[in-house]
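Here is the structure we will look at.
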Amino acid sequence: MTLKSIIVVACGEDSDVDVVGAAGKLGARFGAQVLVTPAFPDPAADLVYYGAALQTVGDASERIIASERVAQERLEALGRDVAAREGVAVTVEKRALLPAVALAPAAVLADLVLFAGAAVQSTLGALFAETLLSTRAPVMLIKGAAVAGGPVAIAWDGSGQAARAVRAALPLLQAASGVLILRNVDDETAEAEASSSEKLRAYLGLHGVTNIALREVRGARVAESLLSAARADKCELLVAGAYGRPRLFEMVLGGTTRALVHGAGAPNLLFSH
C-alpha cells in the first residue's frame, strides 16, 4: 500500500508554501502525483462588495481579475519550484468558479488531501469540513514541518472513523521511525471495548509496521490529553478519526475534532471520517 494521488488545497496565502512543500516531499517519498487545487476567495462575492461600496463595478471587476491572476501565477511558480526541488510531478489547476464542487470528485479517489492548518482556521474551514465529512477522503492538516519519517501517534478509540484513518495512514505508519498508540481511558465507549490497543498493534504488525508502543492517557479534555502525549514523544503526525455531520460546516465537527484542529503547537494531523 502506498500514496500515489495527493491533492493540495491552496488558499493563495503564505501558508501555501508550507502545504505545497509538504505535499512535494510526500510525493517524492512515495512516487505520487501532486495536484494543487486553488480555493481563493470567491471573486463574485468580492465583486458584489466592491460594487456596492464603490459603485464602480467595472473597476472592481478589473481589480479582482488582476488580483486573482497574480495569486494564480504565484501558486504556479510555487508548484514549479517544488517540482524542481523534490523531483516530483506537480500540477496546478486553474481556480474553479466553485472550488468545493471541483474538489469533491477529485477527492473521492485521492489517497490524501492536504490543507494548511492556518488556512483551515481562517478561510478554508468550511471547505475542509465538507471535504472530510462528505467525501470521506483522508485529510491531512499541515501544522508544522513536513512529515518526513519521524514518530507518528494514533488516537485510538476503536471506532470506524479511527480505523479508516489508520488504514489511510498505513504508508506513513510503515515508514515512521516509531508508532505510538494513544488511548484515553476516560473516554471509553462500547466501540473501544470491542477493539483494544493490542488488537490494533497486531493489525499494524501484519502490515509491516514496527517499533509500536502503547500508552494510556487520561483527562476529560480528550484532545489536549492526546496532543500532550504526541508532543512529549515529538511525534510529527497524529492520526485520528473525525466526527461530525456531513454536508454542514466546520461548527458541526465534534468537539474533540475541533480541539485537535485548533490546538496550538499541535503536530500535523491526519483525519478520516
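Charged neighbours of E236, selected by a Cβ distance under 15 Å, balance to +3 (K, R count +1; D, E count -1).
Working note: Karplus 6.51/-1.76/1.60 with θ = phi - 60° gives region 67-84 the couplings 5, 5, 5, 4, 4, 5, 5, 5, 5, 5, 5, 4, x, 5, 4, 5, 4, 5 Hz, where Gly and Pro are set to x. Phi angles across region 218-229 convert, under the Karplus curve 6.51 cos²θ - 1.76 cosθ + 1.60 with θ = phi - 60°, into 3J(HN,Hα) values of 10, x, 5, 8, 4, 4, 5, 5, 6, 5, 4, 5 Hz, Gly and Pro given as x. Here the Kirkwood formula, the inverse mean of 1/r across different C-alpha pairs, assigns the chain a hydrodynamic radius of 19.2 Å.
Among the lysines of the chain, pairs that are 8 or more positions apart or on different chains and have alpha carbons within less than 26 Å of each other number 9.
For Y243, the residues whose amide H sits under 5 Å from its own are G254, T257, ignoring neighbours fewer than 5 places away on the same chain, with H placed 1.01 Å from N.
With an 8 Å cut-off on Cα pairs and a minimum separation of 6 or more residues, tell me the relative contact order of the chain in percent.
Values: 545 pairs, mean separation 56.5, N = 273.
Relative contact order of the chain: 21 percent.
A Gaussian network model of the chain, with springs between Cα atoms under 10 Å, assigns the largest mean-square fluctuation among P105, P38, P138 to P105.
Here is the size of region 152-272 from its Cα atoms: Rg then Dmax, 13.4, 39 Å. Helix content alone sets the calculated 222 nm mean residue ellipticity of the chain: runs of n ≥ 4 DSSP H residues at -39500 (n - 2.57) each, divided across all residues, give -15000 deg cm²/dmol.
Axis angle, to the nearest 10 degrees, between helix 160-175 and the longest C-alpha principal axis of the chain: 90 degrees. Scaling the Cα radius of gyration of region 120-184 by the globular reference 2.2 N^0.38 Å produces a ratio of 1.22.
Readers should treat all values here as calculations from the given coordinates under stated rules, not as data from a laboratory. Bear in mind that the values here come from a model prediction, so they are computed numbers and not experimental data. Here Cβ is always computed from backbone atoms with ideal geometry, including for glycine, and neighbour counts include all displayed protein chains.
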